[in-house]
Amino acid sequence: MGAKKILSVAILLALVALAIFYLQRNIEDFKQLTITNPHFLIAIVLIFLITYIFISIVTTTLLRPLGVNIGKREAFALSIVTGFYNLITPFRGGMAARAVYLKKRYNFAYVDFLATLSASYVLIFLVASVLGIISTLVIYFKTEVFSWVLFFIFLVVFLGGLFIIILSPKFKETKNKWLDRFIKVINGWHLIKHNPKIITLTIIITFVQLLLSTLMLYLQFLTFGIEISFASVLFLSAIGNLSILIGITPGNLGISEAITVFSAATIGITPAESLSAALLGRAVSLVVLFILGPIFSWALMRKIKTKK
């Protein structure tokens, strides 16, 4: 077992142990929460699938100028497979699976794939940070609750995104793998910076995708009968989108939930409420991706064999 896998497993086990310890100490809080609106589960599943449709649209938008004309159904299947492998492998292994597929199916260079992925991250982080700043201010004006730490994170990401877009710096990669992740994101922007149509379309799709994620999280709270403002849920979705690069554990398991609980606590949402909503979303993603992931993996493998 490599060092990365050992680190991933160690972190995952530590988070699971902490979660079990917390549940045991606060079991009464969770007993008070029950699913009062089960019909929302259908809507949550549908929104989850629609979100992946928008992810596939971003994929086709970024790949088309580079000569990869991937079909809509194929792009959707590839997005689901990417999500499935992200779920079962650490360090966002689904991206590696996507890169391998595009290489074998379309002879798409790994370097170009990483560049398109990095370029999309710049826009995703920019949109998420803007909505995060807006939601933080709305929450403050409505409730006078304010998180300086998370507001500062949103602000730094927003200014960093503008810096990349306006000045378009290009940095040399280092031997530090963690630092290189951010450097590759910055350098990847050069691939699409001269194509305003792609930039505009990607921003719009990313904005809609984040709103769908917000609506999904909102329904996860309502499933337990928890009333929460849309601004608060938008705040949680925005900070969740900024955690993409962490991806240490399979499917960001434990990390994503910890971020949600911490962020929710800063705006007055109890850990029991936020964790219950987060775990419901996790359950939906597990069920959907474990059903569709293997099916679409098989379908995409057939496409590769057909090409050969």
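The values are calculated or read from the model by the stated rules, or taken from the named source; none is laboratory data. Here the structure is a predicted model, which is why all the values come from computation and not from measurement. Glycine also receives a Cβ, built like all others from the backbone with ideal geometry; neighbour counts cover every protein chain displayed.
The figures follow:
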item	result
The listed residue being touching a helix residue (DSSP H, G or I) at 6+ places or on another chain (Cβ under 8 Å) and surrounded by 15 or more Cβ atoms within 10 Å (Cβ to Cβ), out of V138, V149	V138
Sole residue being of a type outside the set (V, I, T) and under 15 Å from G268 (Cβ atoms), chosen from Y110, Y140, Y121	Y140
Helices (runs of 4 or more DSSP H) lying entirely in the stretch 32-141 (those with 1 or more residues that are farther than 24 Å from I203 by Cα and modelled with pLDDT under 85)	72-88, 93-106
Close pairs (8 angstrom Cβ cut-off, 6 or more residues apart or separate chains): at positive phi and acidic (D, E) in the stretch 265-287, surrounded by 21 or more Cβ atoms within 10 Å (Cβ to Cβ) and part of a helix (DSSP H, G or I) anywhere	none
Contacts under 9 angstrom Cβ, first residue in the stretch 219-239 being within 11 Å of S129 (Cα to Cα), partner not in a helix (DSSP H, G or I), 6 or more apart	F235/S147; F235/I267
Single residue of the stretch 71-86 satisfying the filter (of a type outside the set (G, A, S) and surrounded by fewer than 18 Cβ atoms within 10 Å (Cβ to Cβ)) that is farthest from R302 (Cα to Cα)	K72
Subset of the stretch 142-163 that is outside any helix (DSSP H, G or I) and in contact (Cβ under 8 Å) with a residue 60 or more places away in the chain - its residue that is farthest from the chain's Cα centre (by Cα)	V145
Count - residues of the stretch 55-70 that are free of Cβ contacts under 8 Å to residues at least 60 places away in the same chain and either buried (at least 21 other Cβ atoms within 10 Å of the Cβ) or within 13 Å of the chain's Cα centre (by Cα) (or both)	2
Matching residues, the stretch 82-134, being touching a Phe, Trp or Tyr at 6+ places or on another chain (Cβ under 9 Å), among the basic types (K, R) and touching a residue at least 60 places away in the same chain (Cβ under 8 Å)	R92
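Per-residue answers, yes or no, for (1) modelled with pLDDT of 75 or more; (2) exposed (fewer than 15 other Cβ atoms within 10 Å of the Cβ):
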residue: F163; (1), (2): yes, yes
residue: F171; (1), (2): no, yes
residue: K177; (1), (2): no, yes
residue: W189; (1), (2): no, no
residue: H194; (1), (2): no, yes
residue: L201; (1), (2): yes, no
residue: Q209; (1), (2): yes, no
residue: L212; (1), (2): yes, no
residue: E227; (1), (2): yes, yes
